[in-house]
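Encoded as structure tokens, the structure appears first; notes follow it.
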């Protein structure tokens, strides 16, 4: 199964996520994420073996990943802290846009510390290390082709949305199943204080 560690935004912020997506949501080639699935990915794991034995690619098992998640949370702790999400940005750059995101304006240091703990614990299992520097963000849309890129650039120049604030008191291990209508998520395990 495909899996990742994340902090979910509360459902109460879904309308604000949708508002932040509105300037480019209908542009051709732009695939907005479901606002009710908005989250900050802390560590993408890729394929995780669901059985007790590693599969042919030597992927870590779900139990291995859960144990790594527990060690990471024990190491860094998940004492409740506040995050503020807002503003727009893109990866990798304005000329070639593949992802549109809202930034984490407060709580980024805490999220980065959690990311580093998950990174250390999971790479020790053989999970590929991240190939880019961690930048806490909430993905708003993925760009399939350049036809809608001008709408995104216009939004970058004109919009500075405030998505809102929320308290982080747990991290989730999430299974991601790709479907024709977009990814479907299922919480596998929650990690928090106590």
Only one of (1) closer than 23 Å to residue 45 by Cβ; (2) under 15 Å from the mean Cα position of the chain (by Cα) is not met by residue 92, so which one is it?
-> (2)
Of all residues in region 158-170 being at pLDDT below 95 and surrounded by 17 or more Cβ atoms within 10 Å (Cβ to Cβ), the one that is nearest to residue 112 (Cα to Cα) | 168
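I'd like to verify a number: residues in region 78-89 that are under 15 Å from residue 40 (Cα atoms) and out of contact with any helix residue (DSSP H, G or I) (no Cβ under 6 Å at 6 or more places or on another chain), how many? Quick ask: steps written out before the conclusion?
Within region 78-89, the subset under 15 Å from residue 40 (Cα atoms) is 78, 81-89.
Then keep just the ones that are out of contact with any helix residue (DSSP H, G or I) (no Cβ under 6 Å at 6 or more places or on another chain); that gives 78, 82-87, 89.
Qualifying residue count for the region: 8.
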Exactly one condition in (1) at pLDDT 95 or above; (2) in contact with a helix residue (DSSP H, G or I) (Cβ under 9 Å, 6 or more places away or on another chain); (3) under 20 Å from residue 187 (Cβ atoms); (4) part of a helix (DSSP H, G or I) is not met by residue 18; state its number.
-> (3)
Among (1) part of a strand (DSSP E or B); (2) touching a residue at least 60 places away in the same chain (Cβ under 8 Å); (3) within 27 Å of residue 165 (Cβ to Cβ), where does residue 3 come up short?
-> (3)
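When region 57-87 is examined, which residues are found to be over 19 Å from residue 175 (Cα atoms) and touching a strand residue (DSSP E or B) at 6+ places or on another chain (Cβ under 8 Å)? If you could, list the steps in order and put the result at the bottom.
Quick first cut of region 57-87, residues over 19 Å from residue 175 (Cα atoms) only: 71, 74-87.
Correct list: 78, 80, 81, 82, 83, 84, 85, 86, 87.
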Only listed residue being in contact (Cβ under 8 Å) with a residue 12 or more places away in the chain, in a helix (DSSP H, G or I) and surrounded by fewer than 18 Cβ atoms within 10 Å (Cβ to Cβ), chosen from 155, 120, 130, 149 = 120
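The values are calculated or read from the model by the stated rules, or taken from the named source; none is laboratory data. Remember, it's a predicted structure, so these values are computed and weren't measured experimentally. Quick reminder, even Gly has a Cβ in these numbers, built from the backbone with ideal geometry, and neighbours come from all protein chains shown.
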